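Data first, discussion second: the structure below is written as structure tokens.
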Amino acid sequence: MLFFEIVMVAMAAVRANMLRSVLTTLGIVIGIAAVITMVALGEGAQQRVEEQINRMGTSVLTVRPGQQMWGGVSRGDAELSVDDAIALRDESDGLLQVSPEQQSRLQVAYKRWNSNTQIMGVWPEYFEIYDHGLQYGRFFNQGEVQGRRRVAVLGFNMAETLGETPPELLVGETIQIRGIMFEVIGIMEEKGDAAWVRPDDQVFIPQSTAQYRVMGGRDRLNSIYAATDTPDQLDVAFAEIDRIMRREHRIKVGEEVDFNIRNSADLLETFNETTQTFAFLLAGIAAISLLVGGIGIMNIMLVSVTERTREIGVRKALGATRKAIMTQFLVEALFLCLLGGMIGVAAGYGASEMMTRVAAWETRVAPEAVVAAIGFSAAVGLFFGLWPARRAALLDPIDALRYE
Amino acid sequence: MSDIIRTEGLEKHYHLGAETVRACDGVDLLISQGEFVAIMGPSGSGKSTLMNMIGCLDTPTGGQYWLNGTLVSEFSEDELARVRNREIGFVFQTFNLLPRATALHNVELPLIYAGISSKERRRRASEKLELVGLGDRMGHKPPEMSGGQRQRVAIARALVNEPALLLADEPTGNLDSVTSEDVMRQFEELNEQGQTIVLVTHEHDIAGHAQRQVHLKDGLLEKDFLNPVEPTG
Ligand SMILES: Nc1ncnc2c1ncn2[C@@H]1O[C@H](COP(=O)(O)OP(=O)(O)O)[C@@H](O)[C@H]1O
Ligand SMILES: [Mg+2]
């Protein structure tokens, strides 16, 4: 009952100084907007990571060359060889599906068209590891790897890149990779991007062909991919890869390894660092704005208490308790902050939308985040309103009534 | 008749550096239910100080004060707020109305702090506004009213909680003489209906409306006497 009246009085006070109130809450507005945008970015990134992990394969481990150490001194990048890939395939008792990757950006030509394209030398297992599907034709097989055959499977976009429509006309045609003739045997389904990997724009050829006919005979792989049937085998697979690679590279127990084993989530983490950095920046802005905003609220509340000293005196003379006065000013500060909080949520929502449109960053404004932001602005109001409200409550009735 | 106000050696001393201002320096005062008392004295004699202590707006630095038989000089701030709300109606020289609120809302204020429901508040507040002759001005705000009207709103506000004690500190100090007479007649009427009133003034005409005069000088009681009874009829 009494509380309701106090709320009405506080609301009237905010409304009586609407312009001042809105200006005062600007800090809170910016702070809350930053919080909302930050969380929206984070949520969006999280969502994208999950999608990409799925696209990249949840149960794929990537082996990359690491630093070769000798007595604590780096001796440059270590190398991954085809023998490593063979060892991983043959000695893991069928736990792992393995494919090497030897890749290079090279000129691809067809009729009058040509394009600078990523050429991927892989094994047939590669298509299974990444669950690639075919639109037309077929993948190459183990026999064609052994025979170093000049056959190519094109990513979904390649037909268009090479100027052929409809794409199936390309199957059976001859293209040139770095001037060497290849027969197109298949065209893949659309896959979409996963982090920096764009399978739709790649051309896949047997690893052996890549090594001996296209890339100058060097036995030097970019990566080895290994997949398990289910994601819960990843830990075992990790240990197994570590064991086999240590033996292949003759690394003693206790010595540093010269390779890295990563899962998809690890790889994506680096990729998402940019949005993360931006999120941290926003967190900083949010913290500072909320602090400045809170101090602004405190300042305006002190002004309000001073301006209304007489009123406080009158209310006290008529029987308002300290608690009633305190509540009145706390609720007023709370209102100011909630007002700012709500404008901030709207602004944050707008900013998130804009980021999605302009920078193509995925965002998601979660209802929980909105509730939390409003709750947080309320907390700021209570915290920074406390001192002014206490000052009002502790005013001496006589002094307050005499105040000019 | 029972005592509404009883003070013994009531003191208010202010310490300003080495100097001590004895605004009230040991006042013994008895006021009974239904009395109409005027407190007189020159400026600075301690009238307001005494009045504020009687009205529980201020706390004494010494002595004791019983209101309606309760020793309120020992009360805490919140207990005093309750006493001000339930037992006392205060009228000020400067009206002390909330300028942005309507007359009705101003009169409702004490009832809000008494926790009365809005319907009942409205009923009681308009009743008191009718009583002081402002039934047709309830929606007006103080700046739209004359001094006399404002003071009558303040009187309605002071009466709205049916207080045991109506206090007024120079209520006519900001009014012209005609309006002052109106306001004083209002007080007389209220007193005739049994309302105990204590009023501070330094004007003899105003004090003449009361039944009894208490004179202060330098924070001390100087004279205390009954006004000659006016011939009735
Ligand atoms: N807060 C205060 N601090 C110091 N002196 C005060 C204070 N309030 C009143 N006084 C002094 O107490 C004396 C009585 O004041 P007051 O009760 O207001 O007189 P009156 O109402 O009779 O004119 C005056 O000398 C005044 O200066
Ligand atoms: Mg005075």
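The values are calculated or read from the model by the stated rules, or taken from the named source; none is laboratory data. Predicted, not measured: the structure shown is a model, and the values here were computed from it. We place every Cβ from the backbone using ideal geometry, glycine too, and count neighbours over all the protein chains shown. Calculation scope for accessible area: heavy atoms of the full protein, side chains included, ligands and nucleic acids excluded. Shrake-Rupley method; radii C 1.70, N 1.55, O 1.52, S 1.80 Å.
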Exercise. Can you tell me the accessible area per residue over region A:308-358, all protein chains present, probe 1.4 angstrom, in square angstrom?
Worked result: 38 Å²
Exercise. Which helices pass in chain B if a helix is a full DSSP H run, must span at least 15 angstrom along its long axis by Cα, and must have mean Kyte-Doolittle hydropathy not below 0.5?
Worked result: B:103-113
For this session: Give me a single rounded figure for B:79-91: the average over its residues of other chain Cβ atoms within 10 Å of their Cβ.
Result: 3
Exercise. Once you put a point 7 Å from the Cα of residue B:114 and another 7 Å from the Cα of residue A:239, both along the Cβ direction, what distance in nm separates them?
Worked result: 8.1 nm
Exercise. Shielding of B:92-99 by partners, i.e. mean partner chain Cβ atoms within 10 Å per residue?
Worked result: 3
For this session: Could you look at region A:79-257 and say what percent of its accessible area is carbon and sulfur, using a 1.4 Å probe and all protein chains?
Result: 43 percent
For this session: Work out the mean other chain Cβ neighbour count within 10 Å for the residues of B:112-119 and drop it here as an integer.
Result: 4
Problem set entry | Of A:316/B:12; A:323/B:12; B:12/B:128; A:316/B:119; B:12/B:217, those spanning more than 25 Å from alpha-carbon to alpha-carbon | A:323/B:12; B:12/B:128
Seminar exercise, completed: With the 1.4 Å probe rolled over protein heavy atoms, region A:79-257 has an accessible area per residue in Å² of 49 Å²
For this session: For helix A:367-393, report the angle its Cα long axis makes with the longest principal axis of the Cα atoms of chain A; keep it between 0 and 90° and round to the nearest 10°.
Result: 30 degrees
Seminar exercise, completed: Between residue A:79 and residue A:15, the two model label points (7 Å from Cα along the beta-carbon direction) sit apart by a distance in nm of 8.1 nm
Problem set entry | Alpha-carbon centroids, region A:3-51 and region B:142-164: separation in whole Å | 41 Å
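Calculate for the protein assembly as shown the 222 nm mean residue ellipticity that helices alone would give, adding -39,500 (n - 2.57) per DSSP H run of length 4 or more and normalising by residue count, nearest 500 deg cm²/dmol. Walk me through the numbers on the way to the answer.
On the way: 21 runs with 289 residues, N = 637.
Mean residue ellipticity at 222 nm (helix-derived): -14500 deg cm²/dmol.
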Problem set entry | Stokes-Einstein D in µm²/s, Kirkwood radius over Cα pairs - chain A at 10 °C with 1.306 mPa s viscosity | 61 µm²/s
Problem set entry | Net charge over other residues, Cβ less than 11 angstrom from the Cβ of residue A:136 (K, R count +1; D, E count -1) | -1
For this session: Using θ = phi - 60° and the Karplus relation 6.51 cos²θ - 1.76 cosθ + 1.60, list the HN-Hα couplings for region A:42-50 in order, rounded to whole Hz, with x at every Gly or Pro.
Result: x, 5, x, 4, 4, 4, 5, 4, 4
Exercise. Pairing the Cα long axis of helix A:322-358 with the longest principal axis of chain A, what angle in degrees results, from 0 to 90 and rounded to the nearest 10?
Worked result: 30 degrees
Problem set entry | Of A:116, A:263, A:157, the one that fluctuates the most in a GNM where chain A has Cα springs shorter than 10 Å | A:116
Problem set entry | Spin-label model distance (nm) - residue A:260 vs residue B:218, 7 Å beyond Cα toward Cβ | 9.4 nm
For this session: Decide, for region B:82-121, between rounded, prolate and oblate: order the square roots of the alpha carbon gyration tensor eigenvalues as a ≥ b ≥ c, take rounded if a/c falls under 1.5, and otherwise choose prolate if a/b is larger than b/c, else oblate.
Result: oblate
Exercise. Between residue A:383 and residue B:21, what FRET efficiency follows from the Cβ-Cβ distance if R0 is 45 Å, with the result rounded to 0.05?
Worked result: 0.65
Problem set entry | Translational D in µm²/s for region B:1-130 (Stokes-Einstein at 4 °C, 1.567 mPa s, Kirkwood Rh from C-alpha pairs) | 78 µm²/s
Seminar exercise, completed: Computed over chain B, the relative contact order (Cα-Cα under 8 Å, seq sep at least six) in percent reads 28 percent
Exercise. What quantity of accessible surface, computed with a 1.4 Å probe and excluding non-protein components, is buried in total between chains A and B, in Å² to the nearest 100?
Worked result: 2100 Å²
For this session: With everything on Cα atoms, drop me the angle between helix A:2-16 and the longest principal axis of chain A, reported from 0 to 90° to the nearest 10.
Result: 80 degrees
Problem set entry | Zone residues, region B:93-137, relative to residue A:2, backbone N less than 14 Å from point 7 Å out along Cα-to-Cβ | B:109-117
For this session: Send over a whole-number figure in Å² for the accessible area per residue of region B:1-127, probe 1.4 Å.
Result: 42 Å²
For this session: Which order do the peptides A:167-178, A:247-258 take when ranked by the mean count of other beta-carbon atoms within 10 Å per residue, highest first?
Result: A:167-178, A:247-258
